[in-house]
1. Being closer than 23 Å to Thr180 by Cα and under 17 Å from the mean Cα position of the chain (by Cα) narrows it down to one residue among Pro78, Pro58; which is it?
2. Could you please give the count of residues in region 518-545 that are within 19 Å of Asp402 (Cα to Cα), in contact with a helix residue (DSSP H, G or I) (Cβ under 9 Å, 6 or more places away or on another chain) and not hydrophobic (A, V, I, L, M, F, W, C)?
3. Could you give every pair whose Cβ atoms fall below 8 Å, whose first residue belongs to region 334-362 and is within 15 Å of Arg512 (Cβ to Cβ), and whose second residue is of a type in the set (D, E, K, R) and surrounded by fewer than 19 Cβ atoms within 10 Å (Cβ to Cβ), counting only separations of at least 6 or pairs across chains?
4. Restricting the search to region 561-581, which residues are open to solvent by less than 10 Å² (accessible area, probe 1.4 Å), over 17 Å from Phe526 (Cβ atoms) and either free of Cβ contacts under 8 Å to residues at least 12 places away in the same chain or assigned to a loop (DSSP other than H, G, I, E, B) (or both)?
5. Could you list all residues from region 539-549 that are open to solvent by 10 Å² or more (accessible area, probe 1.4 Å) and either in a loop (DSSP other than H, G, I, E, B) or closer than 30 Å to Phe348 by Cα (or both)?
6. With the requirement that a residue be closer than 16 Å to Val559 by Cα and out of contact with any strand residue (DSSP E or B) (no Cβ under 7 Å at 6 or more places or on another chain), what does region 508-528 give you?
7. Where the second residue is assigned to a loop (DSSP other than H, G, I, E, B) and the first is among the aliphatic types (A, V, I, L, M) and lies in region 381-406, which pairs have Cβ atoms under 7 Å and are six or more apart or on separate chains?
8. Filter region 234-260 down to the residues that are under 26 Å from Asp299 (Cα atoms) and either without any contact (Cβ under 8 Å) to a residue 24 or more places away in the chain or out of contact with any Phe, Trp or Tyr (no Cβ under 9 Å at 6 or more places or on another chain) (or both) and list them by number.
Amino acid sequence: MKRRAVSGLAAAMLAAPLLPVRAAEAGRRKVLNIAFAAAETSLDPVKINDNYSRTVTPHIFEGLYRFDHLARPVKIRPLLAEGMPEVSADFRVWTVRLRRGVYFADDPAFQGRRRELVAQDFVYAFKRAFDPANKSPFVGGMIAQGFVGLNALRDEAIREKKPFDYERPVEGLQALDRHTLRFVVEQPRPRLLDILAWSDQLGAVAREVVEFYGDQIDAHPVGTGPFRLKQWRRSSLIVLERNPQFREEFYDEQPAPDDAEGQAILAKLKGRRLPMVDEVRISIIDESQPRWLAFLNGDNDLIASRANAVPTDYFATAMPNGKLAPNLAKRGIQAWRIVNPDTGLTLFNMDNPMVGGYTPEKVALRRAISLAYDNAREIRLLRRGGAIPAQSPIVPHTSGYDPAFKSEMSDYDPARAKALLDLYGYVDRDGDGWREQPDGSPLLLEMATQPEQRNRDFDALWKKCLDAVGIRIRFVTGQWPENLKAARAGRLMMWTLGSSADTADGQGSLARLYGPEIGSQNMARFKLPAFDALYDRMKALPDGPERDALYLEAKRLAVAYMPWKFHVHRIEVDLAHPWVIGYRRTVFWNQWWHLIDIDTAQQPAPRHA
C-alpha cells in the first residue's frame, strides 16, 4: 500500500525511516534512495505514458538516441545507434546503424544464452505500439508519424478482429540486416529523431521475453540498460540494481564551454564508468509531509526531478524569497529552482453530454467555467508562488512557446463568466441558488480527484470558484492510476492533472487536441477537422516562420473551444544532500540515475525502525 500521513507530523516521522536501505546496510554498496509523489502504472514501455513509470523504464531499456545530460541547449546523441542517422533530403527515409556487442540483461527467457541486441528488436518494439491488443497510450502519436504500412497493418487487425501480424514486413520499418534499421514515413518528418530518443517507451525489446512472460510482461522488464529490476511492490516500492551485463560506458557528457555548473560536474565525473551507483530504491510517498521529512531526515538522498520535486507546501521553507534556507545551507544541501516544460491542466470530456460538445452553448459553458476559476489564487496559495500562468497548451523550453502570448486562458473574471452563462441559458430557474442547463435539467459538474491533501486543496478552490457563479460541482475520489485509465477510456467528465513535455518540439503538447490521439494523449476527446488538418501540416514542416504561424493558430483554437483548461507552468525546487554528486535537472528526459554518484563517506549511518 502507498504510505499516507495518518495524523500529521508524528505519523509522518514514524513512516519515513522505514523507507530506504542505506549504503552501510548494503556493505557500502552505493544505494540511491528517492521517492515518487505518485505510483507507477506499469513497467512495460508500450503501456505507459505517465511521468512516474517513464522515469523507471529508461534506466532498464534503451533507445537508439539520447539527450546529453549536461548540454544546454539540449542535444541528442547516439545511444544504441552507432552514429547519427542518415536522412534523405525530403526527411522521409531514415537509416540507423546499431552498435555491435550490446547485450540484454540475463533472463530465464533466454535459456542461459547471452542475447545480443539486433535491429529486429527495435522493429518489434515499434510494432508493439501499433498492436491494438497492447492498447498503447501513445499510439496516436505513432500513427501521426505515418510509418509506411504500419497504420494499415494496425487497421487490418482492428477491422478483421484478428491478432496483429508481427511477421508481415512493412516498408516503413525494416531491419535491413542484423545491425541496420530503416524507417520510411509517408510525409516529411524533420523531427523524427525526437521519438528515436524515447528510451522510456521505444527502447529495444526482445520478443522472446514478451512471449515467455505473456500477460505478466509488465512485471518482467528486460532491457540493455544500466539497471535491471530487483524488486517491485506495486504502488509501494521499486528496486533496481546494477545490470551485471551492462557494457563498458563512461561519463562523457558535453556541457557548453560557458556553462560553469555543467563544466564543474564534468570535471568531477568525466571518465567514470557507468552506472556509478549499485542500487536505486524508489518509494511511493504520495503525501507531501512524509516525503519532505524523509528527505530532511537523510532517508532519501534527493527530493528532486519531475517525479519528486519539493512539494509546493514547502517552497517557502526550502527557499524563502528564492534563496536556500540558511538551516539547509549549513547542512550543505544543494538547491535548484527551475521553470518546468510542463503544465497543470483540467480536461473537459468532449463526449460528455454535460460539458462536451461543439455548439455555442457548450463552448460558452466551458469558457465560463475557465473564467470563474481563480488561477492567480492557485499560484499564490496552493503553489506558494511556484508557477507562472499558462496561456495555451504550449509549454516553456519548447518550440512555439512565446512568453509574450496572452489569452483568456489565464483570466479570472467571474462577472464575465456569469454573463456568458446568462446569455446561453444557464440560469437559476427554480430559485434554489444554482443554475440549470438551458433545457431546465440540473447542471451538476463531476470532477475526478485523488485522496491526497494537495488534491483536496485544489478541490476546495474549484468549489469556491464555481459556487460563486452558481454552478454545483461534486468530486469523485479514486487513485491516480485508476483515474488515468478512466480518463483515457472517456469515463470522466472533468479531471485536473499535470503533464510534462518529452521533446523540444512544442507540437507534442498539441497532441492533446489531435483527433487520432483520442484514447491516449487526447483525454479530452477533442475532434475538430480544422485542428487535425493544421496538426498534420505542422508535422511535415521544418521549423521556421510558416510553422510558427500554425502554432499561433493552434493556440487560438485551443482557447476558443476550451477542451482543456490550462492552468500553470510549474516552477519547481530540487534539493539534494551534499553526498549526491552530479545531479542536474533534466529538461525533457528522465534518464539520470546512472549519471550521478554517492559519496558514502558523507552519508549518515543507517536509521533503524
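The values are calculated or read from the model by the stated rules, or taken from the named source; none is laboratory data. Worth saying up front: this structure is predicted, and the values here are computed from it rather than measured. Please note: Cβ atoms are built from the backbone with ideal geometry, for glycine as well, and neighbour counts cover all protein chains shown. Keep in mind that these areas ignore ligands, DNA and RNA; they rest on the heavy atoms of the full protein, side chains included. Shrake-Rupley method; radii C 1.70, N 1.55, O 1.52, S 1.80 Å.
1. On the way: Pro78 fails: under 17 Å from the mean Cα position of the chain (by Cα).
So the residue among Pro78, Pro58 that is closer than 23 Å to Thr180 by Cα and under 17 Å from the mean Cα position of the chain (by Cα) is Pro58.
2. 1
3. Met350/Lys527
4. Once the filter is applied, which keeps residues that are open to solvent by less than 10 Å² (accessible area, probe 1.4 Å), over 17 Å from Phe526 (Cβ atoms) and either free of Cβ contacts under 8 Å to residues at least 12 places away in the same chain or assigned to a loop (DSSP other than H, G, I, E, B) (or both), region 561-581 yields only His577.
5. First pass over region 539-549, keeping only residues open to solvent by 10 Å² or more (accessible area, probe 1.4 Å): 539-546, 548-549.
Residues satisfying the conditions are Lys539, Ala540, Leu541, Pro542, Asp543, Gly544, Asp548, Ala549.
6. Just the residues of region 508-528 that are closer than 16 Å to Val559 by Cα, to begin with: 509-514, 522, 524-528.
Answer for region 508-528, where residues must be closer than 16 Å to Val559 by Cα and out of contact with any strand residue (DSSP E or B) (no Cβ under 7 Å at 6 or more places or on another chain): Ser509, Leu510, Asn522, Phe526, Leu528.
7. What qualifies is Ile394/Gly400; Ile394/Tyr401; Ile394/Gly506; Val395/Pro341; Val395/Tyr401; Val395/Ala501.
8. Going residue by residue through region 234-260, those that are under 26 Å from Asp299 (Cα atoms) are 234-243.
Correct list: Arg234, Ser235, Ser236, Leu237.
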